[in-house]
Each structure stands twice: as structure tokens, then as C-alpha cells.
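Report on the structure given below.
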Amino acid sequence: MNDSSNKGLSPEEDKTLISLLSRVRMPVSYNLFLAIMGAFPSCPVELAVFNQFGKILMIHRQDKEFTGYHSPGTVLRNDDTVPKALERLISSELNGSKISQPVCLGWHETLKGIGWGQNTSRHEISLLHACILKGTYLGEGKFFDPDDLPETTIPHHKVLVPE
């Protein structure tokens with residue numbers, strides 16, 4: 001790519017942005033997160049957690065982007081590996097609950113402007129994983145029958161439920 005290919009920024013703005021981006025470390029402010037995620041495809045790491053009864057974990061959230069249920073997930077950061085992102089996810093959203101080794105199911109792509117809720121603002125390529133809860137769940141979510149998920153579930157998270 002040649003230096004003149006970016007029609008949106010002046011050469012000075014280009015230089016400033018390069019300098020600033022080299023200093024960015026996650027986590028960042030909410031507004032910066034949205035700007036970065038809106039400018040480039042993001043790579044969420046999603047985890048479908050099933051209990052011994054075949055029910056799936058859904059966590060309720062209420063924030064600036066979405067109110068409703070979702071599967072546990074995190075965004076792959078620049079310095080992450082997928083296992084490191086899963087480890088962070090298990091620690092934060094599962095409160096360290098014991099699970100089986102997550103198995104990669106594949107990926108799901110959602111295009112910017114197509115979707116509902118948070119997905120209208122960015123292009124995402126989600127890495128889908130599944131695991132089984134071992135023992136007691138230590139978090140704040142609830143388990144649901146995969147055929148009867150809450151109506152307020154993020155639609156693209158329903159793809160985590162294997163048919």
C-alpha cells in the first residue's frame with residue numbers, strides 16, 4: 001500500500017495517528033474502543049457454556065450498547081492469543097468457574113450495518129467455542145434451555161447453540 005492511498009487523512013494526520021496508535025494498550029476508554037472497533041474488523045472470542053443438563057449459560061448485561069442476554073465473550077486484543085483471551089474470559093465472566101477445555105466450533109461473521117444491537121456499528125469475525133461446566137457456576141448468569149433462549153438475547157449469540 002502506498003502512502004497516498006488514505007484519502008481521509010492528511011499526511012500530518014496520518015503521522016499523528018500512527019504515533020498515537022503505537023501507544024494504545026487495552027483496555028481503553030469506551031469511546032476509543034468504539035472508534036477502533038468501528039474502523040477495523042474485530043475478533044470476539046465467544047464461549048457457549050453448557051451445564052450437565054444441557055442448558056446454556058446466558059449473562060444479562062445493561063450498558064451503552066445493549067440490554068439483554070449474551071453468551072460470555074471478550075475481544076481479542078493485540079497482545080492476546082486465543083487461549084489467553086479465553087483465560088481472561090473465564091476469569092472475568094465466569095468468575096473462575098471450572099469448565100472443560102473449550103473446543104473451537106468455528107467462526108461467525110457479522111458485517112457492519114447488518115444486524116441488531118451492538119453489531120450495527122462494526123464488522124466482527126467471532127471465534128466460537130463451547131465447553132461444559134464442571135461443578136458449581138460462580139457467576140451472575142443463568143442457564144436456559146437452548147430451544148428457549150430469552151427474547152432479548154443478542155441474535156448473533158444464538159449461533160453459539162449447536163443444532
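The values are calculated or read from the model by the stated rules, or taken from the named source; none is laboratory data. This one's a predicted model, so the numbers in the text were calculated from it and none came from an experiment. Positions of Cβ are generated from backbone atoms using ideal geometry, with glycine treated the same way; all protein chains shown enter the neighbour counts. Heads up: the accessible areas ignore ligands, DNA and RNA and are worked out on the full protein's heavy atoms, side chains in. Shrake-Rupley method; radii C 1.70, N 1.55, O 1.52, S 1.80 Å.
Here is how the numbers come out for the structure above:
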read-out	value
From 97, 19, residue being without any contact (Cβ under 8 Å) to a residue 24 or more places away in the chain and either in a strand (DSSP E or B) or small (Gly, Ala, Ser) (or both)	19
Qualifying residue in region 48-65 (condition: out of contact with any Phe, Trp or Tyr (no Cβ under 9 Å at 6 or more places or on another chain) and without any contact (Cβ under 8 Å) to a residue 24 or more places away in the chain)	yes
Top-ranked residue of region 126-152 - restricted to ones that are in contact with a His (Cβ under 9 Å, 6 or more places away or on another chain), part of a strand (DSSP E or B) and modelled with pLDDT of 90 or more, ranked as surrounded by the most Cβ atoms within 10 Å (Cβ to Cβ)	128
Test for residue 47: is it in contact with a His (Cβ under 7 Å, 6 or more places away or on another chain) and at pLDDT 90 or above	yes
Selection status of residue 84, open to solvent by 60 Å² or more (accessible area, probe 1.4 Å), assigned to a helix (DSSP H, G or I) and among the charged types (D, E, K, R)	yes
Residue in region 52-74 that is loosely packed, with under 12 Cβ neighbours inside 10 Å, in a strand (DSSP E or B) and either of a type in the set (Ser, Thr, Tyr) or out of contact with any helix residue (DSSP H, G or I) (no Cβ under 6 Å at 6 or more places or on another chain) (or both) present	yes
Any hit, region 27-37, residues being part of a strand (DSSP E or B) and either polar (S, T, N, Q) or more than 14 Å from the chain's Cα centre (by Cα) (or both)	no
